[in-house]
Amino acid sequence: MKINIFNEYVNRVCGLYGIKEQELFKKTKVREIVDARHLLYYLCFKRPMKIIYIKTFMSERGYDIGHSSISHGIQMVTKLQQDDADYKRFILGLQNAYEFQ
């Protein structure tokens, strides 16, 4: 069940950032892709989804990542929301607009 939620968030994050799914799961430090990944982690975590599930689903897509890196991404989005009211509204709108079963 959680994999369906993860896949839905992958589609939506890629659409928002205008990137292809394969780019999201490619080892790169391009800021746009890193930001998209962080948003994916954050949305999944707030769903709520355990970090171990996020880690597993990322690995199944070919992107091996550690627990601490996922936690760091979640913290980055959390901090960005605190510092940027526009980003916070964006995230809240995204969470409200994309509620699904």
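The values are calculated or read from the model by the stated rules, or taken from the named source; none is laboratory data. Since we're looking at a predicted model, the values are computed, not measured. Neighbour counts run over all protein chains shown; Cβ positions are idealised from the backbone, glycine included. Ligands, DNA and RNA are stripped out before the accessible areas are found, and what is left, the full protein with its side chains, is counted by its heavy atoms. Shrake-Rupley method; radii C 1.70, N 1.55, O 1.52, S 1.80 Å.
Shown in residue order for region 17-28 are the 3J(HN,Hα) couplings computed by the Karplus curve 6.51 cos²θ - 1.76 cosθ + 1.60 at θ = phi - 60°: 8, x, 10, 7, 4, 4, 5, 5, 9, 9, 5, 7 Hz (x for Gly and Pro).
Give the average over all directions of the projected area of the C-alpha convex hull of the chain, one decimal, in nm².
5.9
In this Cβ point-charge picture (+1 for Lys and Arg, -1 for Asp and Glu), the chain has a dipole of about 220 debye about its Cα centre. Test of understanding: extend the Cα→C-beta vector of LYS26 to 7 Å, then name every residue of region 64-91 with backbone N under 17 Å from that spot. Backbone N within reach: 64. Each residue of region 37-43 was assigned a 3J(HN,Hα) from its phi angle through the Karplus expression (A = 6.51, B = -1.76, C = 1.60, θ = phi - 60°), giving 4, 4, 5, 4, 4, 4, 4 Hz with x at Gly and Pro.
Given a 1.4 Å probe and every protein chain left where it sits, what share in percent of the accessible area of the chain is carbon and sulfur? Ligands and nucleic acids excluded, carbon and sulfur reach 52 percent. Summed over the residues of region 1-86 and divided among them, the accessible surface reaches 57 Å² per residue at a probe radius of 1.4 Å.
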